[in-house]
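S.K.: One structure, as structure tokens, below. Some questions next.
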Amino acid sequence: MNRSLITIVLGVTQILAWGSSYYLPAVLAEPIARETHWPLTWVVGGLSLGLLVAALISPRVGVAIERHGGRWVLALSAAAIGLGQVGLAIAPNLPGYVIAWLVIGVGMGAGLYDAAFATLGRLFGRDARSAITTLTLFGGFASTVCWPLSAFTAAEIGWRGACLVYAAIELLVASPLYVLALPRAASPDIAISPGGPAGETLTVAPPSFLLLALLATTLTLAATISSLMSVHLLAILQASGVALATAVGLGALVGPSQVAARTIEMAVARFHHPIWTKLASVSFVAVGVWALWRNLPLIPAALACYGAGIGLESIAHGTLPLAIFGASGYASLMGRLAMPSLLAQAAAPWIGAILLERTGAHATLEVLMGVAGLNVVLAMGLGWALCRQSISPSALR
């Protein structure tokens with residue numbers, strides 16, 4: 001089993017999966033609404049409904065990966081996203097458009113970070129921490145690669161043509177890559193190996209309802225912020241007087257900021273518990289949202305700070321459950337944790353569209369700032385709860 005090949009394939013396919021689903025409306029929502037005269041709220045709401053489907057299937061996806069590995073689950077996810085993109089391209093009316101997003105939702109539930117993390121945990125056990133971090137390095141380029149690609153293809157061949165391009169990528173590139181690169185299943189000794197890399201501080205605490213509740217809540221709030229910002233960041237920037245082309249360029253800074261933060265995290269991860277990654281993440285996000293709310297002149301710096309925060313959040317999302325609860329049952333746990341996060345992500349774009357339409361960008365950022373501040377408090381509470389657990393003295397260093 002070639003660990004490097006598996007990680008690279010999952011990284012590339014994550015870029016494609018995020019770009020052809022979650023990040024799609026950020027660039028295409030306006031052209032779709034303008035050409036079809038469908039309400040923008042419903043155009044963006046297609047993603048929300050897709051995320052709702054993803055949330056409903058995520059526990060079953062986690063169980064399937066726990067039992068059988070991620071090879072065919074991920075391959076089918078790419079096929080579902082591709083078929084959904086074909087549906088978007090040929091949608092004759094709004095109901096057809098919504099149905100296509102429901103199909104894409106199946107692909108998101110079975111193929112985005114939670115499923116990929118579960119696959120790595122199933123394959124490598126507690127050794128998966130470094131692979132999860134590497135995977136997020138790739139994923140950080142999703143918006144940087146796919147926002148300009150979406151804008152270019154939409155300008156050249158229309159939004160329907162852009163959807164067909166993504167359909168071809170998912171059906172002809174991503175799905176076959178999963179089948180060719182991933183093993184049929186992980187052997188039990190690899191999936192639950194108790195050991196870890198030398199110097200790694202992963203420590204298993206006894207299951208605790210308080211820990212699980214705090215973890216699920218803080219992951220859900222983080223997902224809410226990133227979902228709303230991913231869809232509406234360009235609109236927020238434009239409402240502040242930034243031209244679309246400039247907004248796309250500024251938005252593209254988020255991706256490299258994610259990658260930079262994840263690169264630093266990869267270098268220092270062996271020296272600390274993932275709770276510190278989580279605390280850094282929520283702090284960076286709060287500062288970045290606050291700077292945007294204040295409309296400070298250094299918008300690139302604010303976006304870089306926000307990008308660093310959500311970049312670290314992706315790592316904490318995958319590694320913190322592994323550190324707290326261990327490798328056995330990790331894929332199933334990720335499926336359960338994904339449900340509230342995806343439900344929040346399903347609601348966030350729709351709520352964001354309503355807030356922007358009725359209250360404006362400044363008030364929307366004010367709401368986000370409150371959510372980000374609450375998440376800082378909850379992450380600190382999670383750290384406190386971990387300290388109260390029976391964990392080895394070196395665990396939180």
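The values are calculated or read from the model by the stated rules, or taken from the named source; none is laboratory data. The structure displayed is predicted, hence computed values, not measured ones. Note that we place each Cβ from the backbone using ideal geometry, even for glycine, and neighbour counts take in every protein chain shown. Remember, those area values only see protein heavy atoms, side chains included, never the ligands or the DNA or RNA. Shrake-Rupley method; radii C 1.70, N 1.55, O 1.52, S 1.80 Å.
S.K.: Condition test on residue 269, is it small (Gly, Ala, Ser) and modelled with pLDDT under 90?
M.R.: Yes.
S.K.: Run residue 46 past the list (1) farther than 21 Å from residue 337 by Cβ; (2) surrounded by fewer than 24 Cβ atoms within 10 Å (Cβ to Cβ) and report the number of the one that doesn't hold.
M.R.: Checking residue 46 against (1) farther than 21 Å from residue 337 by Cβ; (2) surrounded by fewer than 24 Cβ atoms within 10 Å (Cβ to Cβ), the one that fails is (2).
S.K.: So residue 131 clears everything in (1) out of contact with any Leu (no Cβ under 6 Å at 6 or more places or on another chain); (2) more than 24 Å from residue 344 (Cβ to Cβ); (3) open to solvent by less than 10 Å² (accessible area, probe 1.4 Å) except one condition, right? Which one?
M.R.: Exception for residue 131: condition (1).
S.K.: Check whether at least one residue in the stretch 223-245 is at pLDDT 90 or above, farther than 20 Å from residue 16 by Cα and part of a helix (DSSP H, G or I), and report yes or no.
M.R.: Checked against the condition, which is being at pLDDT 90 or above, farther than 20 Å from residue 16 by Cα and part of a helix (DSSP H, G or I), the stretch 223-245 yields at least one hit.
S.K.: Same structure again: Quick check on my filter: what residues within the stretch 19-28 are more than 15 Å from the chain's Cα centre (by Cα) and modelled with pLDDT of 90 or more?
M.R.: Selection gives 28 alone.
S.K.: Which members of the stretch 288-307 meet the condition of being among the β-branched types (Val, Ile, Thr) and surrounded by 20 or more Cβ atoms within 10 Å (Cβ to Cβ)? Walk me through how you get there before you give the answer.
M.R.: As a first pass, look at the stretch 288-307 and keep what is among the β-branched types (Val, Ile, Thr): 289, 299.
289, the sole residue that qualifies.
S.K.: Hey, another quick one. Is there any pair linking a residue in the stretch 293-306 that is modelled with pLDDT of 90 or more to one that is open to solvent by 40 Å² or more (accessible area, probe 1.4 Å) and outside any loop (DSSP other than H, G, I, E, B), with Cβ under 6 Å and at least six apart or on different chains, and which?
M.R.: Pairs that qualify, where the first residue is modelled with pLDDT of 90 or more and the partner is open to solvent by 40 Å² or more (accessible area, probe 1.4 Å) and outside any loop (DSSP other than H, G, I, E, B), are 305/284; 305/287.
S.K.: Which residues, counting only those in the stretch 308-326, are open to solvent by 10 Å² or more (accessible area, probe 1.4 Å) and either over 17 Å from the mean Cα position of the chain (by Cα) or free of Cβ contacts under 8 Å to residues at least 40 places away in the same chain (or both)? Spell out the reasoning first.
M.R.: So in the stretch 308-326, the residues open to solvent by 10 Å² or more (accessible area, probe 1.4 Å) come out as 308, 310, 312-314, 317, 325.
Across the stretch 308-326, the qualifying residue is only 325.
S.K.: Then there's this: May I ask you to say which residue of 335, 360, 352 is in contact with a Pro (Cβ under 6 Å, 6 or more places away or on another chain) and under 22 Å from residue 48 (Cα atoms)? Show your work before the answer.
M.R.: On the way: 360 fails: in contact with a Pro (Cβ under 6 Å, 6 or more places away or on another chain); 352 fails: in contact with a Pro (Cβ under 6 Å, 6 or more places away or on another chain).
Result of the check over 335, 360, 352: 335.
S.K.: Quick one: which of 88, 137 is in a helix (DSSP H, G or I), open to solvent by less than 10 Å² (accessible area, probe 1.4 Å), over 19 Å from residue 342 (Cα atoms) and not polar (S, T, N, Q)? Write out each step before concluding.
M.R.: On the way: 137 fails: open to solvent by less than 10 Å² (accessible area, probe 1.4 Å).
Of 88, 137, the one residue that is in a helix (DSSP H, G or I), open to solvent by less than 10 Å² (accessible area, probe 1.4 Å), over 19 Å from residue 342 (Cα atoms) and not polar (S, T, N, Q) is 88.
S.K.: Further, regarding this structure: Give the stretch 246-265 a look and list any residue that's outside any helix (DSSP H, G or I) and open to solvent by 60 Å² or more (accessible area, probe 1.4 Å), or say none.
M.R.: Restricting attention to the stretch 246-265, the residues satisfying the condition of being outside any helix (DSSP H, G or I) are 252-253.
253 - this is the single residue of the stretch 246-265 that is outside any helix (DSSP H, G or I) and open to solvent by 60 Å² or more (accessible area, probe 1.4 Å).
S.K.: State whether one or more residues within the stretch 192-206 are modelled with pLDDT under 80, open to solvent by 10 Å² or more (accessible area, probe 1.4 Å), charged (D, E, K, R) and not in a loop (DSSP other than H, G, I, E, B). Working first, answer last.
M.R.: Let us first name the residues in the stretch 192-206 that are modelled with pLDDT under 80, namely 192-206.
Still in the running and open to solvent by 10 Å² or more (accessible area, probe 1.4 Å): 192-204, 206.
Going one step further and asking which of them are charged (D, E, K, R), we end up with 200.
Okay, now just the ones that are also not in a loop (DSSP other than H, G, I, E, B), so none.
Within the stretch 192-206, not a single residue is modelled with pLDDT under 80, open to solvent by 10 Å² or more (accessible area, probe 1.4 Å), charged (D, E, K, R) and not in a loop (DSSP other than H, G, I, E, B).
S.K.: Scan the stretch 351-373 and tell me whether some residue there is within 29 Å of residue 127 (Cα to Cα), assigned to a helix (DSSP H, G or I) and touching a Ser or Thr at 6+ places or on another chain (Cβ under 8 Å). If you could, list the steps in order and put the result at the bottom.
M.R.: Step one: filter the stretch 351-373 for residues within 29 Å of residue 127 (Cα to Cα), giving none.
So far as the stretch 351-373 goes, no, none of its residues is within 29 Å of residue 127 (Cα to Cα), assigned to a helix (DSSP H, G or I) and touching a Ser or Thr at 6+ places or on another chain (Cβ under 8 Å).
S.K.: Something else now. Please go through the stretch 111-122 and give me each residue that is assigned to a helix (DSSP H, G or I) and either open to solvent by 10 Å² or more (accessible area, probe 1.4 Å) or in contact with a strand residue (DSSP E or B) (Cβ under 7 Å, 6 or more places away or on another chain) (or both), ordered by number.
M.R.: Step one: list which residues in the stretch 111-122 are assigned to a helix (DSSP H, G or I), which gives 111, 113-122.
Those that are assigned to a helix (DSSP H, G or I) and either open to solvent by 10 Å² or more (accessible area, probe 1.4 Å) or in contact with a strand residue (DSSP E or B) (Cβ under 7 Å, 6 or more places away or on another chain) (or both): 113, 114, 122.
S.K.: Residue pairs, Cβ under 7 Å, 6 or more apart or interchain, first in the stretch 139-156 and touching a residue at least 12 places away in the same chain (Cβ under 8 Å), second open to solvent by 40 Å² or more (accessible area, probe 1.4 Å). List them.
M.R.: From the stretch 139-156, the pairs are 144/256; 153/165.
S.K.: Please work out if residue 27 is surrounded by fewer than 21 Cβ atoms within 10 Å (Cβ to Cβ), β-branched (Val, Ile, Thr) and assigned to a helix (DSSP H, G or I). Working first, answer last.
M.R.: Values: surrounded by fewer than 21 Cβ atoms within 10 Å (Cβ to Cβ): no; β-branched (Val, Ile, Thr): yes; assigned to a helix (DSSP H, G or I): yes.
It is false that residue 27 is surrounded by fewer than 21 Cβ atoms within 10 Å (Cβ to Cβ), β-branched (Val, Ile, Thr) and assigned to a helix (DSSP H, G or I).
S.K.: Shifting gears a bit: Looking at 16, 76, 56, which one is open to solvent by 10 Å² or more (accessible area, probe 1.4 Å), under 17 Å from the mean Cα position of the chain (by Cα), touching a residue at least 24 places away in the same chain (Cβ under 8 Å) and within 16 Å of residue 116 (Cβ to Cβ)?
M.R.: 16
S.K.: With the checklist (1) open to solvent by less than 10 Å² (accessible area, probe 1.4 Å); (2) not in a helix (DSSP H, G or I) in hand, flag the one item residue 38 doesn't pass.
M.R.: Answer for residue 38: the failing condition is (1).
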